[in-house]
Ligand SMILES: Nc1ncnc2c1ncn2[C@@H]1O[C@H](COP(=O)(O)OP(=O)(O)O)[C@@H](O)[C@H]1O
Ligand SMILES: [Mg+2]
């Protein structure tokens, strides 16, 4: 809103009392709140304490002159926005360039033409009000933009968690496997430990003090070893330990993939190992492709890139989940050599003068109908049954990739299946 200029306060600084009186009278009559000062220092202190809306400032004054007062006002945060109009006598040669250079917005000459002074004061007050209004609008826009970004971020997060909901049963199954593995091995280990304890206590009771070969003791020992199948026990111990360790690693892998996927990224970019993000997506989806689809990985050396790990994992999970969906359809007659397959290839590509890392995910499924190719990135476009597809996966994925200044491309045909390529710029521009 424009401020009513009748309430604007104007500071006048002039060492000549007659000028000060004249300007004060003229401007007060126009309804401004006028604050007259005969000295630069006094005016400076008053302006810092209570910044006016505009200052009329005489240049030639004893002690500190108008230019110096202006310089100090412009270098202080409290007063740097206040417009300053210099006052100079017609008889003085005014250094106009200097006046503007140090931050003055205009000048008026003595003797005063009141209509001219009034017009200039009014113009600069209006300009200042407009500028202030623009700044406020700008701040509002910035806030709206940041609110919008946050909302968008939350939307992305909601869809991600909804997708995870669908996968939960499969993931629970994936966790259950290694946990069962650990449990069975731990039971075996428990039995082995009991046997070893039995053997040890026999040693303790019979062998610790026995210095000579005692045939009876030896015989008993051998029969005990046989009873507990000592050789087998010793040979299976490392295997049981191994099983437990492997089960723990697999569970940890699933948990850390889930954590990576579920994290709500802030806008800060983190150093990323792209292959570990793809692997996390594969772990999350494992139950959906395991033993049904061949996964072929061709990972190449990648330059380091920065990005949002949770969101990028979401992109790979979306694309891979779509590929799995496409392969679940059994309408294609497959030969032995044409098994269901997803190939993942990473490489470095140049486009224009920018280097990108490219993650190409190809499936030999039924492909995308040509008439749908330009619709698949639209929000809510889906060819899947109700409850199976939200149609948001690719819309969100392309948003995330663009947020990384990257590209998401698709190539699809009946023969070669479908390839989605995620291109993310590497750090340096050539
Ligand atoms: N690999 C693919 N093979 C065949 N069609 C695909 C593939 N990926 C995506 N699509 C098509 O794009 C549509 C939109 O995908 P998406 O945005 O992930 O939503 P949704 O998976 O919920 O349908 C899918 O319904 C499907 O028709
Ligand atoms: Mg999808």
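Exactly one residue among 123, 93, 130 is out of contact with any strand residue (DSSP E or B) (no Cβ under 7 Å at 6 or more places or on another chain), more than 28 Å from residue 32 (Cβ to Cβ) and surrounded by fewer than 16 Cβ atoms within 10 Å (Cβ to Cβ), and that residue is 93.
Here is a yes/no grid of residues against (1) over 29 Å from the mean Cα position of the chain (by Cα); (2) more than 16 Å from ligand 2 (Cβ to nearest atom); (3) surrounded by 13 or more Cβ atoms within 10 Å (Cβ to Cβ):
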{"site": "137", "(1), (2), (3)": "no, yes, no"}
{"site": "159", "(1), (2), (3)": "no, no, yes"}
{"site": "170", "(1), (2), (3)": "no, no, yes"}
{"site": "176", "(1), (2), (3)": "yes, yes, no"}
{"site": "180", "(1), (2), (3)": "yes, yes, no"}
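For region 395-406, the criterion of being away from ligand 2 (no atom under 14 Å from the Cβ) and more than 25 Å from the chain's Cα centre (by Cα) is met by none of the residues. Is it true that residue 279 is touching a helix residue (DSSP H, G or I) at 6+ places or on another chain (Cβ under 9 Å), at positive phi and surrounded by 12 or more Cβ atoms within 10 Å (Cβ to Cβ)? When the stated conditions are applied, residue 279 does not pass them.
Of the strands (runs of 3 or more DSSP E) lying entirely inside region 1-108, those carrying at least 1 residues that are closer than 14 Å to residue 128 by Cβ are 9-13, 54-58, 84-89.
So which strands (runs of 3 or more DSSP E) are wholly in region 336-430 and hold at least 2 residues that are away from ligand 1 (no atom under 12 Å from the Cβ) and touching a helix residue (DSSP H, G or I) at 6+ places or on another chain (Cβ under 9 Å)? Reasoning before the result, please.
Numbers: elements: 341-351, 354-363, 407-413, 417-429.
Output list reads 341-351, 354-363, 417-429.
So if I check each of 344, 376, 400, 396, which one is in contact with a strand residue (DSSP E or B) (Cβ under 6 Å, 6 or more places away or on another chain), closer than 20 Å to residue 317 by Cα and touching a residue at least 24 places away in the same chain (Cβ under 8 Å)? Spell out the reasoning first.
Details: 376 fails: in contact with a strand residue (DSSP E or B) (Cβ under 6 Å, 6 or more places away or on another chain); 400 fails: in contact with a strand residue (DSSP E or B) (Cβ under 6 Å, 6 or more places away or on another chain); 396 fails: in contact with a strand residue (DSSP E or B) (Cβ under 6 Å, 6 or more places away or on another chain).
Within the list 344, 376, 400, 396, the selection yields 344.
Quick note: the coordinates plus some simple rules give every number you see, no bench work behind them. None of the values given here were measured: they were computed from a predicted structure. Positions of Cβ are backbone-derived with ideal geometry, glycine not excepted, and every protein chain shown enters the neighbour counts.
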